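The next block holds one structure in the form of structure tokens; read it before the comments.
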Amino acid sequence: MGYSGVKLVFLALGNPVCKTQKLWPNNVGLTDSGAEDFVSSLSTNRSLTELYLSLDELGDSRVKLVSAALRNPECKIEKLWMRNVGLTDSGAEDLTSALSTNPSLTELDLSNNKLRDSGVKLVSAALRNPECKIQKLLLWRVGLTDSGAEDLISVLSTKPSLTWLDLRENSLTDRSVPALRRLILTLQSLKLIWLVGNRFSETGEKELEPLRGVRPGLEVAV
């Protein structure tokens with residue numbers, strides 16, 4: 001679309017009579033100027049509940065602008081997808097700070113970003129907020145290891161709202177298996193957990209695979 005086309009969309013979004021609930025500006029060539037217009041429109045929009053920014057190289061600087069809009073107490077975003085947007089552990093601090101003040105968020109996808117353990121720990125800190133009602137968390141291919149997973153699993157075990165957890169293609173090993181088993185066994189709300197593409201040994205996989213049948217409707221993919 002280019003900057004001129006994107007700007008027209010964002011101008012419409014900022015109109016007080018706009019009732020748009022879902023927005024997918026994916027891979028539209030968003031520039032710094034475009035991000036500023038976007039943030040301005042988000043600050044005045046009261047209807048948007050689902051925002052999908054996947055496949056657009058925002059980078060940390062532009063994510064920081066989006067985070068400022070999410071920090072607005074009147075922001076009603078419930079589902080936020082920021083997959084493959086060039087977010088690193090450095091930029092995650094601004095984003096997670098905004099998320100910790102947003103009680104409406106139920107679905108978060110930060111997959112295929114270079115968060116690493118330090119970035120995931122920031123996410124965990126934001127999720128620790130008692131008002132957080134996260135239902136779906138997607139952290140596929142974010143550079144997570146056992147060290148970062150320890151905090152994450154500990155926090156998620158206190159979230160009875162969680163139904164969906166995607167940790168595919170990270171670097172988890174058998175060290176994380178006991179904590180994952182406890183999470184799956186104790187969190188009765190959990191319906192799906194994806195662990196494919198990690199570094200479990202055959203023994204580790206055998207310890208996780210039988211958990212598929214511990215509750216009706218539970219899917220455990222190893």
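The values are calculated or read from the model by the stated rules, or taken from the named source; none is laboratory data. Small disclaimer: the values here were computed from a predicted structure and weren't measured. Using ideal geometry, Cβ is built from the backbone for each residue, glycine included, and neighbour counts are taken over all protein chains shown. For accessibility, only protein heavy atoms count, side chains too; no ligands or nucleic acids. Shrake-Rupley method; radii C 1.70, N 1.55, O 1.52, S 1.80 Å.
Report, to the nearest whole %, how much of the accessible area of the chain belongs to carbon and sulfur atoms, 1.4 Å probe, protein only. Don't skip to the answer; put the middle values down first.
Numbers: 5300 of 10150 Å².
Exposed carbon and sulfur together represent 52 percent of the surface.
Can you tell me the length gained on complete extension of the stretch THR49 to GLU131, counting 0.36 nm per residue apart and subtracting the Cα distance? Please report the intermediate quantities before stating the final value.
Numbers: separation 82, 0.36 × 82 = 29.52 nm, distance 1.76 nm.
Taking THR49 through GLU131 to full extension adds about 27.8 nm, to one decimal.
Of LYS22/LYS121; LYS114/LYS159; LYS121/LYS206; LYS7/LYS76; LYS19/LYS114; LYS79/LYS206, which sit over 32 Å apart, Cα to Cα? Each step should come with its number before you reach the end.
Details: LYS22/LYS121 29 Å; LYS114/LYS159 25 Å; LYS121/LYS206 28 Å; LYS7/LYS76 22 Å; LYS19/LYS114 34 Å; LYS79/LYS206 34 Å.
Flagged as over cut-off: LYS19/LYS114; LYS79/LYS206.
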| Which of VAL17, VAL155, VAL66 moves the most in a Gaussian network model of the chain with Cα springs under 10 Å? | VAL17
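Per DSSP H run of at least 4 residues, take -39500 (n - 2.57); add these up for the chain, divide by its residues and hand me the 222 nm value, nearest 500 deg cm²/dmol.
Values: 8 runs with 88 residues, N = 222.
One gets -12000 deg cm²/dmol as the mean residue ellipticity at 222 nm.
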| remark: Check: C-alpha center region 184-222 vs C-alpha center region 105-137, spacing in Å is 20
| query | How long is the gain from ALA12 to TRP24 if the chain were fully straight, where each residue apart is worth 0.36 nm and the alpha carbon distance is subtracted? | reply | 2.9 nm
| said: Keeping every protein chain present and rolling a 1.4 Å probe, give me the accessible area per residue for the chain in Å². | reply: 46
| message | Angle check, please: helix 59-70 long axis (alpha carbons) against the longest principal axis of the chain (alpha carbons), in degrees 0 to 90, nearest 10. | response | 80
| Net charge dipole size for the chain [Lys, Arg +1 and Asp, Glu -1 on Cβ; Debye, nearest 20] | 560
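How long is the gain from SER104 to ARG182 if the chain were fully straight, where each residue apart is worth 0.36 nm and the alpha carbon distance is subtracted?
Numbers: separation 78, 0.36 × 78 = 28.08 nm, distance 2.74 nm.
Taking 0.36 nm per residue and subtracting the Cα distance, the gain is 25.3 nm.
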| query | For Cα extents along the principal axes in Å, which listed value, (1) 69, 39, 35; (2) 67, 36, 29; (3) 55, 26, 25, comes from the coordinates shown? | reply | (3)
| said: I want to verify a result. In a Gaussian network model of the chain, Cα cutoff 10 Å, which of these has the top mean-square fluctuation: ARG182, ARG62, ARG71? | reply: ARG182
